[in-house]
Structures are given as C-alpha cells and as structure tokens.
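For reference, the structure is listed below as structure tokens.
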Amino acid sequence: MNFSFGHFPLDLVILGLVAVFLVLRLRGILGRRVGAEPGVRPMAPPPVSQPVVEQAPEPPPPAITYEIPGPDTRVGGVLARIGAIQPGFTADGFAHSVESAFRLIVGAYASGDLNVLRERLTAATYDAFEAAIQSRQQAGEVLRSEIRDITDIALIGAELDETTGPNPIARIEVRIVSDQVSLTVDSNGQPVAGVDAVTEFSDLWTFECILGAAGACWRLGASRSA
C-alpha cells in the first residue's frame, strides 16, 4: 500500500478543517447572550375616563319687589312734592337706595360700628342704637347677624313738614321684608335671643331728610317691626 502524500488532496483537508473551525466559532458567538436582556414591561392599562359631575349652579337670589305708589295716591302725591323741592329725588331711585342703606345699618349695628351709624341715623335714633350696643357689650353678648335676601321694599307712607322754615323735613316710611339669621349669644356662646336659622323679618323704617339743606341726606329716624 502506498502511503505517499503525492496524490492526497491535502489542501481540501485544510480548507475543511478551517470551515469546521469557523462554524464552531460562529456558533459559540451567536449562541451567547451579551448583557442583560430587558425584561418585558407590562403594558399600562388605558386611563379610565372619570365621569364628569356637573355641579348645579347656585340659584340666584330672588329679585327684590319694589312697591311704589302711583302719583294719583296720597303717598305718591307727597313723593312728587318732595321731588319738586329736592333736586334729583325720585321715588324709584329712593326705593332702590333703601336696600344698600338697610344692609349697611343692620351690619353696623351688629358689629357695633358707631361711626357708620352716626352718619346714617338721626341724632335721637343714634342715641338709642348706641345705648343698645353698649348694653350688649357690657353684658358680654355678641350679635350674629346676616342678611340672606331682601325680597320686598314698599314705600307705604310719606309726609312733608313745611312748618320748619325754609327747609322742610320730609319723612318716608318703608316696609322692608328680608330673610336673615339673627342670633344673640352670651359670653359662653349660649343663645340669648333669636335663632340660628334663616327667618323672615318685616321691618318698618322711617327715613328723614332736611330738604334743600347743605349736605342733605336721608337718615334713619325710626325703626320697628311690622
């Protein structure tokens, strides 16, 4: 047997060995996992839309009813006479101004604001209010007052006193219907008068004005329950 290498394809054997080596090398490289593979992230569920709850708007305060007597009535005739003497006065404008005056005076009386009351009341009425406030404070009492609504303002009386000289005194009586919380408590917070609930009040207020006088303005001259 001839064992010579003269006719043996040695080059093919070498190429085959190289091919096997490359295949094994690639298999070792491709079969490896390099680094940490990212874990599978769970998909977040889609956001659930929350139902929109629409809050009902607060009802508007009731409109104020203004009761103004006609010019053919006795009160209406006096009001027309006041307008002829006092420039700028109208029964309708006066009735509308009563709302702000009522709120201001009620609030000042509750808080004990004597400066506001001094400007808005006649001298005799101011003295009465001041005495009531001092008595309340000396007793350690507190008046809690809140006007919720004013529902009706009616001009029910009017008079004109022209015997006082060149500047007559006009008086107009007004009925004011309102919803209020009015409660007086003592130093221990215990109720003394009134209730801690909305209550309807009907008041009769009489406003006075010296017509034609310098700085003439309407002031509260008397107040009582209707």
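Work from the charge dipole of the range 114-199 (Cβ charges, +1 for Lys and Arg, -1 for Asp and Glu, about the Cα centre) and give the residue of THR163, PHE129, SER187 farthest towards its positive end.
Value computed over the given set: SER187.
Residues with amide H under 5 Å of VAL192's amide H, sequence separation 5 or more or different chain, H placed in the peptide plane at 1.01 Å from N; which?
Those qualifying (amide H under 5 Å, at least 5 residues apart or on another chain) are THR184, VAL185, ASP186.
Which value, in Å², gives the accessible area per residue of the range 72-189 when a 1.4 Å probe is used on the protein heavy atoms?
In whole numbers, the range 72-189 has 49 Å² accessible per residue.
The values are calculated or read from the model by the stated rules, or taken from the named source; none is laboratory data. This structure is a prediction, so every number in the text was calculated from the model and none was measured. Glycine also receives a Cβ, built like all others from the backbone with ideal geometry; neighbour counts cover every protein chain displayed. Each accessible area value is taken on the protein alone, full model and side chains, heavy atoms only, with ligands, DNA and RNA left out. Shrake-Rupley method; radii C 1.70, N 1.55, O 1.52, S 1.80 Å.
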